[in-house]
Amino acid sequence: MPVTQREIAKRLNLSQSTVAKVLKDSPGVWVSAENRERILCAARDLNYHPNGRFGRYGAVTCAYLTPTSPHVRNAFSIAIDVLAARLGELGYELKVKIFPNQKDLLDALTRLEAKKDSAACVLWGHEAAIEEQGILLERLGIPFVAKGHFEISHPAWPQVDFDHNEMASRVVTTLVELGHRRIAYLGQFDSARYTGILLNGYEDAMQSRGLPVPAHFIAIGDGSLEHGARAMEEWLALPENEQPTAIVMGSGTAPWHGIEKALLKQGRRLGNKPSDIAIIGTSFNDLLLSVGHGMTFKSIMLDELTVALVERLLAPLLQGESIKDPIVRLRPELVPAPSLELPV
């Protein structure tokens with residue numbers, strides 16, 4: 001079993017950060033000449049390798065299919081920046097490989113085994129594609145971590161994502177605490193598993209509280225502004241005592257604006273006043289309401305998710321340490337959505 005920086009630090013009764021900085025030869029690090037020599041001698045005597053159990057491999061490969069939308073491209077860009085920076089701190093180079101189709105990506109992963117130039121892989125994208133990629137890497141014996149929900153099909157895979165079930169349940173709980181009982185759901189069609197998990201979380205939370213979920217209270221569409229507007233118009237066309245008073249959002253930013261648009265036509269707005277429609281749920285970081293108020297999840301973009309992937313899964317893997325829990329689920333905070341607060 002290879003020695004780690006933590007073990008060297010423990011053996012020498014020094015902090016792991018001091019050991020790490022000396023072994024990386026980081027500039028501007030103050031450490032006594034005696035301790036520097038102790039660290040270097042211990043590393044040499046214990047056959048320490050900076051790349052953990054993979055010896056000379058100083059790179060990590062991140063492979064994914066070409067993003068299909070601007071929001072996804074932006075999210076991937078954020079994730080790659082964070083991933084490269086965090087791996088750089090660990091002494092690794094990040095190799096990014098983007099492919100137009102699954103066949104080319106799988107062929108490239110197969111070549112990784114022959115070239116032996118990567119310590120591990122990071123898999124990112126839709127779960128259906130990742131699942132095939134992960135099965136291949138598992139067969140080739142190449143370590144990897146994945147972003148997504150594989151807790152049922154592959155519970156042993158190191159994986160990270162948001163706890164979407166808990167998020168939807170928390171939204172319902174918050175709306176119920178505000179006094180709402182007729183709570184609708186707006187989501188979108190997507191091959192990613194989180195969309196189904198969000199919907200299931202909403203339905204389970206409503207059922208556990210004995211609240212009705214009529215079929216017309218669930219609006220699943222393409223995640224566009226038009227979808228949000230159309231759903232809201234249909235709900236407003238119901239008799240007043242049958243209209244939802246609150247909405248759980250399981251979609252991106254555009255439907256929020258669609259809902260606002262439909263409400264403004266009737267001189268109404270998003271908010272918590274008697275004539276308002278309360279709205280809480282998922283969005284992208286570019287959400288900016290015009291006149292209303294709502295709540296959304298903080299940092300649901302991929303920066304914090306990427307940090308967790310590196311610190312809790314990838315770093316231990318690269319350093320030859322055991323991963324305490326291969327399934328990492330983050331629970332982002334609910335915060336007020338930004339709003340221009342324009343008058344109606």
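Every number here is computed from the coordinates shown, using simple stated rules; none is lab data. Remember, predicted model here, so these are calculated numbers, not experimental data. In this analysis, Cβ positions are derived from the backbone assuming ideal geometry, glycine residues included, and neighbour counts consider all displayed protein chains.
When N counts the residues of segment 164-300, how does its alpha-carbon radius of gyration compare numerically with 2.2 N^0.38 Å, as a ratio? Spell out each step's value before the answer.
On the way: Rg = 13.3 Å, N = 137, 2.2 N^0.38 = 14.3 Å.
Working it through for segment 164-300, the quotient is 0.93.
Between 40, 94, 175, which gets the highest mean-square fluctuation from a Gaussian network model of the chain, Cα cutoff 10 Å?
It is 40.
How high is the relative contact order of the chain, in percent, counting Cα pairs under 8 Å that sit 6 or more residues apart?
RCO, the chain: 17 percent.
For the chain, take the longest principal axis of its alpha carbons; what is the angle in degrees between that and the long axis of helix 127-140, to the nearest 10 within 0 to 90?
20 degrees
With charges only on Cβ, +1 for K and R and -1 for D and E, what is the dipole size of the chain about its Cα centre, in debye, rounded to 20? Mind dumping the intermediate values first?
On the way: 36 positive and 40 negative charges, 173 e Å.
Roughly 820 debye, rounded to the nearest 20.
Tell me the label-point distance for the pair residue 59, residue 261, using the 7 Å Cα-to-Cβ offset, in nm and rounded to one decimal.
My value for the distance between the label points is 4.6 nm.
Given labels modelled 7 Å from the Cα in the Cβ direction, how far is it in nm from residue 225 to residue 241?
3.7 nm
Residues in segment 127-144, backbone N under 11 Å from the label point at residue 322 (7 Å along the Cα-to-beta-carbon vector): list them, ranges by number please.
Flagged as within label range: none.
Rank 58, 174, 248 by how far each Cα sits towards the positive end of the charge dipole of the chain (+1 on Lys, Arg Cβ; -1 on Asp, Glu Cβ) and give me just the farthest.
Most positive-ward Cα: 58.
Return the single residue from 331, 38, 182 with maximal mean-square fluctuation; model: Gaussian network over the chain, springs between Cα atoms under 10 Å.
Judging by the Gaussian network model, the answer is 38.
Considering the options 206, 144, 101, tell which one lies farthest towards the positive end of the dipole of the chain, charges being +1 on Lys and Arg and -1 on Asp and Glu at the Cβ, about the Cα centre.
144
Can you give me the angle between helix 70-89 and the longest principal axis of the chain, using Cα atoms only, in degrees from 0 to 90, rounded to the nearest 10?
Once rounded, the angle reads 30 degrees.
Over the alpha carbons of the chain, what is the largest minus smallest coordinate on each principal axis, giving the biggest first in Å?
Projected onto the principal axes, the Cα atoms of the chain cover 79, 46, 35 Å.
Taking just the C-alpha trace of segment 5-48, give me its Rg and Dmax in Å.
Expressed in Å, the Cα Rg and Dmax of segment 5-48 come to 9.3, 26.
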